[in-house]
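Peer 1: Quick one: this structure, given as structure tokens, is what I'll be asking you about.
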Amino acid sequence: FDDPRLRGRDDRPYGPLPRVWAQYRGFYQHAERTIVSYTVGTTSVLESMRMVSPERIALPTADESRPPPQPHQDGYIVRDFDIGPRERPLTLLVATRPGGEMRPMPTAKHSDAAVYFATPKSTSGGENSPLAAGVTPPTHGAHWRSDAEGRILLDLPAGPDPLQFGVWLRRAPTL
């Protein structure tokens, strides 16, 4: 999209997005969690983060004959979303890996619930290691994709019903 915000000396955009695109509404404290409230177009969004123990997230396997990758021992950060009715489809920017296109990689049990992304030169464990991303619970109509700028995106369908889901992302140690 064409970003109309003022560009700084570093050529990065600064300042708020136009209110018709997005608007920050505030934040709330709920127990140990902070919830951020904002709108995207006319759609209301509540977002928060939480830590999840590693055994609670199942990674997809690239090959049925190999065991699934071992989860990160410290757990995962999950971004939780509560998204209101949507007049049009929305796209969630999940992550950006500078320097290259990320491509979805086929997995034995590929679904839109969990998927691997890799750069054409991905290697295990390094800076360019593949990434695993997922939605929990699986969200009907959600679809993963990536673009040439190295962005991992989750497309969400338009609809009258609210969506509640969490998005997780982590470096994949092996495929």
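Peer 1: Just for the stretch 128-170: of the residues that are more than 19 Å from ARG50 (Cβ to Cβ) and polar (S, T, N, Q), which one is most open to solvent (accessible area, probe 1.4 Å)?
Peer 2: ASN128
Peer 1: Of the conditions (1) exposed (fewer than 12 other Cβ atoms within 10 Å of the Cβ); (2) under 18 Å from ARG86 (Cβ atoms), ARG25 clears all except one; give me its number.
Peer 2: Among (1) exposed (fewer than 12 other Cβ atoms within 10 Å of the Cβ); (2) under 18 Å from ARG86 (Cβ atoms), the lone unmet condition for ARG25 is (1).
Peer 1: With respect to SER48, determine if the residue is under 27 Å from ARG170 (Cβ atoms) and surrounded by 14 or more Cβ atoms within 10 Å (Cβ to Cβ).
Peer 2: Yes: the conditions hold for SER48.
Table: residues versus (1) aromatic (Phe, Trp, Tyr); (2) modelled with pLDDT under 90; (3) part of a strand (DSSP E or B).
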residue: ASN128; (1), (2), (3): no, yes, no
residue: VAL135; (1), (2), (3): no, yes, yes
residue: ASP161; (1), (2), (3): no, no, no
residue: VAL167; (1), (2), (3): no, no, yes
residue: ARG170; (1), (2), (3): no, yes, yes
residue: PRO173; (1), (2), (3): no, yes, no
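The values are calculated or read from the model by the stated rules, or taken from the named source; none is laboratory data. What you see is a predicted model, and the numbers here were worked out from it, not measured in a lab. Ideal geometry is used to build each Cβ from the backbone, glycine not excepted, and the neighbour counts take in all protein chains shown. Remember, those area values only see protein heavy atoms, side chains included, never the ligands or the DNA or RNA. Shrake-Rupley method; radii C 1.70, N 1.55, O 1.52, S 1.80 Å.
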